[in-house]
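**Q** For reference, the structure I am asking about is given below.
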Amino acid sequence: PAGAEPPVQPSGRGGKVYRSDGPYPAVPAPPADAGAGPAAVIGTDNRIRVFNTTDFPWSAVVYLELYDEFGDVTGSCTGTFISPDAILTAAHCLYGDDGWTADIRVVPAKNGSAEPFGWDWATSWWVPDPWYFDPGNDLYDWGMIYVDSEPGQDTGWWTIALLSTATLSLPDIEPAIIGYPGDKPDGTMWFHYRPAFLEVGSFTLYHDIDTAPGQSGSAVVLTNTTNRIQLLGYIVGIHVRGVAAGGYNEATRIDREVLDDLVTACDEMGCSFEWEEE
């Protein structure tokens, strides 16, 4: 992946909000091929199924069921609560060449057919302007969902962290991805981690954590618990795509610009969240 990204990421942008006000579609069984966005298993599939989804931190992982304007399920993605009312995910789950996702069913801690915390319709969602005007632009694949009923009060939430390249490049930082892959039984949660990132780019985190379509939008969360560095549970990226032929996957890195964008998103939609800075 070395040298794979442009050297400049423009700044000073706004974003676009889609507000869902019903009527909402009936809730059908999702299609067998549910799952939005490319992703890849690198070599042997080492993902582990999570069964205790109601226990934190698993409970903060959200199954996102995506609907079009006709009330049909078009796929699924993964999101993560970063506050009681804000969910972090990928822009391509929310807006694409065909326009906005029309409705999103938010299901925390889904475990197959079991939905232990129930579900809510998302209130509104946001993508940055460069993605809105150029869907598929890899440099801007992040988004935010607002749920005014605050289901995160019951599930708990994770914390975004703004970390240096030096810290993210540590050999035992242990990044992980937890989400809902479309190549596994529908609605089941899976987990995989690696000792370190393959490479830490200015805007992208390159990794070999196993993923599949449906895990797009999953938080890249740190699981290191050593005394030398306490980073357990911090979100440092958003998984967005896989490059199986290249032997790596990619996540949007949480940098200052992304963080500022997410703050703007919540300001516009009415949600809020807190974060940590190194």
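**Q** For Glu69 and Glu150, calculate 0.36 nm times their separation in residues minus their Cα-Cα distance, and state this gained length in nm to one decimal. Kindly include the intermediate steps, with their values, before the conclusion.
**A** Details: separation 81, 0.36 × 81 = 29.16 nm, distance 2.47 nm.
Contour length minus Cα-Cα distance gives 26.7 nm.
**Q** Given [x] 18.2; [y] 19.1; [z] 19.8, which label gives Kirkwood radius over Cα pairs in Å as computed from the coordinates?
**A** [x]
**Q** Mind grabbing the accessible area of Trp190 for me, 1.4 Å probe, Å², rounded to tens?
**A** Approximately 40 Å² of Trp190 is accessible to the 1.4 Å probe.
**Q** Could I ask something else about it? Report Rg (one decimal) and Dmax (nearest whole number) for the stretch 41-80, counting Cα atoms only, units Å.
**A** Cα radius of gyration and Dmax of the stretch 41-80 are 14.0, 39 Å respectively.
**Q** Per DSSP helix of 4 or more residues, -39500 (n - 2.57); summed, then divided by the residues of the chain. What does that give at 222 nm, rounded to the nearest 500?
**A** Numbers: 4 runs with 27 residues, N = 278.
Rounded to the nearest 500, it is -2500 deg cm²/dmol.
**Q** Could you tell me which residue out of Thr188, Ser272, Val62 lies farthest along the dipole of the chain toward its positive end? Charges go on the beta carbon: Lys and Arg +1, Asp and Glu -1, centred on the Cα centre.
**A** Thr188
**Q** Next question, about the same structure. Taking the Cα centre of the chain as the origin, how large is its charge dipole in debye, to the nearest 20, when only Lys and Arg (+1) and Asp and Glu (-1) carry charge on their Cβ atoms? Don't jump to the answer; show the numbers that get you there.
**A** Details: 13 positive and 40 negative charges, 135 e Å.
About 640 debye.
**Q** Please express the shape of the stretch 175-278 as an equivalent ellipsoid: the semi-axes are the square roots of 5 times the eigenvalues of the C-alpha gyration tensor, given largest first in whole angstrom. Walk me through the intermediate numbers first.
**A** Numbers: eigenvalues 101, 66, 43 Å².
In descending order the semi-axes read 22, 18, 15 Å.
**Q** Using R₀ = 25 Å, calculate the FRET efficiency as 1/(1 + (r/R₀)^6) where r is the Cβ-Cβ separation of Asn46 and Glu278; round to 0.05. Please report the intermediate quantities before stating the final value.
**A** Numbers: r = 29 Å, r/R0 = 1.17.
After rounding, the FRET efficiency stands at 0.30.
**Q** From the convex hull of the Cα coordinates of the stretch 67-162, what is the mean projected area in square nanometres?
**A** 6.7
**Q** Let me ask you something else. Run the accessible area of the stretch 149-278 with a 1.4 Å probe and give the carbon-and-sulfur part as a rounded percent.
**A** Details: 2300 of 4740 Å².
Carbon-and-sulfur percentage of accessible area, whole number: 48.
**Q** Okay, moving on. Tell me, what is the per residue accessible area of the chain in Å², probe radius 1.4 Å? Could the numbers behind the result be given before it?
**A** Values: 10950 Å² over 278 residues.
The answer is 39 Å² per residue.
The values are calculated or read from the model by the stated rules, or taken from the named source; none is laboratory data. Values in this document were obtained by computation on a predicted structure and should not be read as measured data. Positions of Cβ are generated from backbone atoms using ideal geometry, with glycine treated the same way; all protein chains shown enter the neighbour counts. Note: accessible area is taken over every heavy atom of the protein model, side chains too, but ligands, DNA and RNA are not part of it. Shrake-Rupley method; radii C 1.70, N 1.55, O 1.52, S 1.80 Å.
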